[in-house]
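Throughout, read-outs are computed from the coordinates displayed, never taken from laboratory work. Just so it is clear, the structure is predicted and the values come from calculations on it, not from any experiment. All Cβ positions, even for glycine, are placed from backbone atoms using ideal geometry, and neighbour counts span all protein chains on display.
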Amino acid sequence: MHAESLSWLVEFDALHPDKIERLRDQRIGWLAGYTSPRLDASGLRLANDWIMWLFALDDGYCDESTHGKDPGYMARMVGGLSCILDNPNSPAPRAGRCAEALRDVRLRVAERASRPQLHRWTCAVRDYLFGVVWEAANRQYGQVPQIHDYIAMREHASGIHTLFNALDLNGGYEVPTPLWHHLDLIRLRRLAGYLVAWDNDLYSYRKELADMGAMNNMITVLAHHHDISLEQAVEKLTDRHNKAVDEFGAVQERFQAAHPHPSVRIYIDNLETWVSGNIAFSFESTRYVQDM
């Protein structure tokens, strides 16, 4: 599956060949296996291709490119990508190198998803694209975001909700719309998103520092605004992380007791697996292990 998804990136010319080889060396294709181990072959392949697309956009345009500190360029590109989300048959001449691969995923998602599932996924992708423009503006101005701004935007800019919003469609089931929009399930998705994003901030800090100064990282944000050392910032981040874990458990127990729907149990289990699988992958991949 790892090799197939890398070949898919090559087929759509979504990233420079040297960077594709680096994704191969970093075992990026293993992330889907760690975080969604119970998917069937077609669901896993779609999840894996999408993860590859996120990394391709990140490496090609965000953290490792001069475009990553040019919000004007990124906004124009995001406009083209958004057109593809709305209508996968629309032309997108300024949508960048990742456009055709996005078009392919958008069409494949539509084949598997119900209308509510497709809407959830496209909304999450649009939020993610807005997030990468926000990050580019921070880099351009050398601006460390405020803590509350960062917490609000990081869950979108991380792309994690594009993955959480596809868990049921990739898994061949569907969380009913009233339950999907229940405040407790919204909170569980948000808490799981915090955990994944904050884990990534910890594991990728040195890489981000070398690439673009790590201003879009919770460690930098906490150290800057509390005027503390990096070690103290890591302690504060760990405390926030542990509180989020505790809250997740409490909300999960309450929600599942009130709504014992089979899809709810499966979906929350999928969220938990994503959080733990992401940690396991971060220790396995050379993308991050060199930084710890």
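Charges at C-beta only: +1 for Lys and Arg, -1 for Asp and Glu. How large is the resulting dipole of segment 19-165 about its Cα centre, in Debye rounded to 20?
About 280 debye.
Ranked highest first by average number of other Cβ atoms within 10 Å, how do 106-112, 155-161, 277-283, 95-101 line up?
Averaged packing, sorted descending, gives the order 155-161, 95-101, 277-283, 106-112.
Give me P(r) over segment 208-250, computed from all C-alpha to C-alpha distances, binned every 10 Å, as integer percentages.
Histogramming segment 208-250 at 10 Å steps yields 29, 43, 24, 5 percent.
What residue among Ala32, Ala197, Ala210 shows peak mean-square fluctuation when the chain is described by a Gaussian network model with Cα springs under 10 Å?
The residue with the greatest mean-square fluctuation here is Ala210.
What are the extents of the Cα atoms of segment 209-292 along their three principal axes, listed from largest to smallest and rounded to whole Å?
The Cα atoms of segment 209-292 stretch 46, 31, 17 Å along their principal axes.
When only C-alpha pairs under 8 Å and at least 6 residues apart count, what is the relative contact order of the chain, in percent? The partial results should precede the final answer.
Values: 363 pairs, mean separation 62.8, N = 292.
Dividing the mean separation by the residue count of the chain yields 22 percent.
Lys/Arg Cβ at +1, Asp/Glu Cβ at -1, dipole of the chain taken about the Cα centre: which of His225, Val251, Ile147 is farthest positive-ward?
The one lying farthest along the dipole's positive direction is Val251.
Can you compute the charge dipole magnitude of the chain about its Cα centre, using +1 on each Lys and Arg Cβ and -1 on each Asp and Glu Cβ, nothing else charged? Give it in debye, rounded to the nearest 20.
Rounded to the nearest 20 debye, it is 620 debye.
Among all the lysines, which ones have a C-alpha under 23 Å from Lys236's C-alpha, if same-chain residues fewer than 8 places away are not counted?
Lys207
Considering every pair of different Cα atoms, what Kirkwood radius, in Å, is found for segment 30-124?
Result for segment 30-124 stands at 14.3 Å.
Along the principal axes of its C-alpha atoms, what lengths does the chain span, in descending order and rounded to whole Å?
47, 45, 32
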